[in-house]
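What follows is one structure encoded as C-alpha cells, with my remarks underneath.
The values are calculated or read from the model by the stated rules, or taken from the named source; none is laboratory data. This structure is a prediction, so every number in the text was calculated from the model and none was measured. Neighbour counts are summed over all protein chains in view; Cβ atoms, including those assigned to glycine, are modelled from backbone coordinates with ideal geometry.
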Ligand code: AVI
C-alpha cells in the first residue's frame, strides 16, 4: 500500500475529544462488559465498512447525502465566497472519507480562485489515497494534502500563508454521531485549532416535524429495503470475528433501529435473537447474551434549527448562515471563528 506524503505539522496536536480507549481490544472489552452493552461507531469503518457506508449514501431511503449534495449544487459558490471573504481559501475536511460531495465545494472554490489547497483528514488511509488519486486525475487545480489522523484525538493544522484563510468542512451530518456534549467539545476544540476569520461549514440532519420529515422517513433511512445498513451494522461483528478471534454467528443477531424521541436520535442496535455465549479468544473472555438483549452500536442525533446556532456560538463561531432544502430536512451552516 502506498504511503501518503508526510506533512510538516506543528508539534502540539489539538485534542478535540478525550475518549479513553485507544485499541480495539480495550474498546471491545469495556463495551461488552458494560450494561447495557455498547460498541462505538468508529468500529464500523474498516475497508468493508467504508465500502458499505458508500453504498448506504447511494440508497434511495438514505436522503441525507442526496439532499446535502443538492444544497451544495445550488449554493456552493455563495458558501465558498462567504468563507473566503476576499482572500485565498484553503479547504480542510475532517472525516473526509471518499470526499465525494466535497467535489462540488472544491469546484466552486477553484472557479473562484484557480488553484485550491485541499487538506482532507481521515482515519482511513485507503479512502484518502483513493480520493487523492481521483482528484489528481479529474480536478488538477486541486492540490490534495491528505492527513491520516483521528480528528477527535489529534487535529493538527498546518499554518496558513499570508492572505489565506481556512474553511473546515464537517459535512455529511457526522456531528450527529457524537453525544451533544461531545459535539460541543469537538466544536470548541476545533475553534482552538483555527485562526480568527477561518470558518466551519457544518452539515446537519434535522429532527422530524409534524408537517415535514416523518419518523418513518427517518427510520427507513437507517433500515433500508436492500439490507445494506443491516450489513453495515453486522460488519462490526464480522470485524470482531476476524480481528479478535470471536465467534459471533451473524444469523443469531438482528439489525434494529429505534427512534428515541426524548434524545432526538436514531439508535442502531444489534439484537441477540437467542440466549447465547460468545467466545472472544484474543481477549480470553466469554460474553453472555439473553434473547432480546442488544449491543448499542450508534446514535445519530437529529437537531432542531436554533440548537445548532447555539452550539456554534458557544464554541466561538459567530455570524452563522444557514442553507436548507425546500422541505427543511437537512441544513448546512457556515460560521466564522471569532
Ligand atoms: C456517518 N454518519 C453521519 C451516518 C449517519 O447517518 O449517522 C452513519 C450511518 N449509520 C447508518 N447509516 C448511516
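Just to be sure before I move on: is residue 305 part of a loop (DSSP other than H, G, I, E, B) and under 27 Å from residue 202 (Cβ atoms) in the structure I sent? When the stated conditions are applied, residue 305 passes them. Of all the numbered requirements in (1) in a loop (DSSP other than H, G, I, E, B); (2) on the phi < 0 side of the Ramachandran plot; (3) within 14 Å of the ligand (Cβ to nearest atom), residue 219 misses one, and that requirement is (1). Candidates 277, 258: the one that is within 16 Å of the ligand (Cβ to nearest atom) and surrounded by fewer than 19 Cβ atoms within 10 Å (Cβ to Cβ) is 258.
Looking at 199, 184, just one residue is surrounded by fewer than 22 Cβ atoms within 10 Å (Cβ to Cβ), within 30 Å of residue 314 (Cβ to Cβ), touching a helix residue (DSSP H, G or I) at 6+ places or on another chain (Cβ under 7 Å) and at pLDDT 95 or above, and that residue is 184.
Remark: residue 164 falls outside the filter, which requires a residue to be more than 12 Å from the ligand (Cβ to nearest atom), without any contact (Cβ under 8 Å) to a residue 60 or more places away in the chain and not assigned by TED's automatic domain parsing to the domain that holds residue 255.
Against the condition farther than 29 Å from residue 302 by Cβ, under 21 Å from the mean Cα position of the chain (by Cα) and more than 16 Å from the ligand (Cβ to nearest atom), how does residue 188 come out, does it pass? No; evaluated as a whole, the condition is false for this residue. How many residues are assigned to a strand (DSSP E or B), away from the ligand (no atom under 15 Å from the Cβ) and touching a residue at least 60 places away in the same chain (Cβ under 8 Å) if we restrict to segment 308-334? Looking only at that region, the number is 6. Considered as a group, the residues in segment 46-62 that are under 27 Å from residue 31 (Cα atoms) and out of contact with any helix residue (DSSP H, G or I) (no Cβ under 7 Å at 6 or more places or on another chain) include one that is nearest to the ligand (Cβ to nearest atom), and that residue is 54.
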